[in-house]
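Scroll down for the structure; my scribbles are underneath it.
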Amino acid sequence: MTITNPYTSQAISGYNTSPPSDDGSQTSSNRVEWAKHKTKLGDPIKTLAEAVNSQTLSAFSSLISYIESAQPSNMIINPDFRVAQLGTTFTATTQTVNNDDTYLLDQWILLAEGADTVDVSQSTTTVPKGSYSSIALDVETANRKFGILQIIEARDAARILGGSASLSFQARISGSSLTKLRAAIITWNGTADSVTSDIISAWGAVGVNPTLVANWTYENTPADLTTPTTSFQTYTVESVAIDTASGKNVGVFIWSDAKTTTIGDFLYIANVNLVPGTKALDTTARLFETEMALCQRHLEKS
């Protein structure tokens with residue numbers, strides 16, 4: 001939606017920029033000394049009026065930019081990992097195991113360089129301020145890459161196909177080995193909603209982006225983000241052109257790119273946002289009942 005600036009520039013009227021000179025034809029007591037009044041009163045008033053006009057236009061322009069940029073809603077479902085219909089913990093021995101290419105916390109798929117790479121859980125204790133939960137990825141097999149993926153169905157992905165999108169999320173670690181973090185927006189150009197969820201054909205060495213399977217394409221060039229610490233930081237990937245020819249679905253892929261990892265170290269991820277446009281903006285969290293309904297459209301446990 002485009003918002004029209006409600007303010008119209010105002011022209012200054014009734015101001016004579018070329019007052020008549022005082023030719024002395026009238027008596028001095030009745031003489032109107034236009035030039036003197038213009039110099040002493042006219043110019044400061046005109047300058048002030050023009051400055052007010054300019055600043056008001058600028059203010060409205062800034063307000064419109066903010067309103068337009070704040071309009072998009074989050075395209076990610078269960079962005080803060082509050083919904084956990086299949087359980088809150090996934091290991092090698094739970095009913096749903098922590099294997100590569102496995103749907104775990106609602107709408108999120110675990111991708112890993114082999115089975116039992118990380119245990120996955122919903123954490124309600126290690127969370128950013130104002131958040132209920134995060135996803136906790138606990139290293140179980142050292143020296144492997146791993147990450148999480150969400151795929152957006154074609155009806156919703158259409159919002160950004162051919163345009164631009166921006167991604168943001170929060171993350172932190174425990175321990176010191178998970179120091180390489182990368183993120184990507186990817187596009188599927190195969191049959192709509194008939195995607196390959198195991199998107200990785202080869203994970204590659206540290207510093208090398210995983211090779212995607214056929215029909216998936218990186219829209220940004222992933223690179224190391226700011227080194228994670230033991231405090232939550234916000235990460236952004238902005239102004240990404242979603243321009244893969246014949247794109248149908250879009251995915252968000254966040255992963256640890258480290259290859260020298262220590263068993264027992266954790267990566268925590270929270271508040272994933274994907275919005276149309278060139279800026280990674282905060283979005284308002286949906287009510288839990290709304291988030292649950294969105295998840296149940298794809299999977300409903302009975």
Which condition breaks for residue 145 when tested against (1) open to solvent by less than 20 Å² (accessible area, probe 1.4 Å); (2) closer than 30 Å to residue 287 by Cα; (3) not aliphatic (A, V, I, L, M)? (2)
Among (1) exposed (fewer than 13 other Cβ atoms within 10 Å of the Cβ); (2) of a type in the set (D, E, K, R); (3) under 18 Å from residue 236 (Cβ atoms), which single condition is residue 279 missing? (1)
Test each condition in (1) open to solvent by 50 Å² or more (accessible area, probe 1.4 Å); (2) among the hydroxyl-bearing types (Ser, Thr, Tyr); (3) assigned to a loop (DSSP other than H, G, I, E, B) for residue 201 and report the one that comes out false. (3)
Could you tell me which residue of segment 148-170 is nearest to the chain's Cα centre (by Cα), considering only residues that are among the hydrophobic types (A, V, I, L, M, F, W, C) and open to solvent by less than 10 Å² (accessible area, probe 1.4 Å)? 167
Which fully enclosed strands (runs of 3 or more DSSP E) of segment 232-276 have 1 or more residues being surrounded by fewer than 21 Cβ atoms within 10 Å (Cβ to Cβ) and of a type in the set (S, T, N, Q)? 233-241
What pairs can you find where one residue is in segment 95-109 and touching a residue at least 40 places away in the same chain (Cβ under 8 Å) and of a type in the set (Val, Ile, Thr), the other is surrounded by fewer than 22 Cβ atoms within 10 Å (Cβ to Cβ) and assigned to a loop (DSSP other than H, G, I, E, B), and their Cβ atoms are less than 6 Å apart, with a gap of 6+ or different chains? 109/197
Tell me which residues, restricted to segment 118-170, are more than 24 Å from residue 97 (Cβ to Cβ) and part of a strand (DSSP E or B). 152, 164, 165, 166, 167, 168, 169, 170
Under 8 Å between Cβ atoms, at least 6 apart or on separate chains: pull out the pairs that start in segment 212-226 with a residue that is at negative phi and small (Gly, Ala, Ser) and end on any residue that is modelled with pLDDT of 95 or more and open to solvent by 30 Å² or more (accessible area, probe 1.4 Å). 214/196
Across (1) open to solvent by 40 Å² or more (accessible area, probe 1.4 Å); (2) over 29 Å from residue 97 (Cβ atoms); (3) touching a Pro at 6+ places or on another chain (Cβ under 7 Å), residue 179 clears everything bar (2)
Condition (residue is farther than 27 Å from residue 143 by Cβ and touching a Gly at 6+ places or on another chain (Cβ under 7 Å)) applied to segment 238-246: is it met by at least one residue? yes
Do we find a residue being among the basic types (Lys, Arg) and within 20 Å of the chain's Cα centre (by Cα) anywhere in segment 253-276? no
Scanning segment 43-84 for residues that are β-branched (Val, Ile, Thr), at pLDDT below 80 and surrounded by 11 or more Cβ atoms within 10 Å (Cβ to Cβ), which turns out farthest from residue 120 (Cα to Cα)? 45
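The values are calculated or read from the model by the stated rules, or taken from the named source; none is laboratory data. These figures come from a predicted structure and were not determined experimentally. Every residue, glycine as well, gets a Cβ built from its backbone with ideal geometry; the counts of neighbours run over all protein chains shown. Quick note on the areas: whole protein, heavy atoms, side chains included, nothing else; ligands and nucleic acids left out. Shrake-Rupley method; radii C 1.70, N 1.55, O 1.52, S 1.80 Å.
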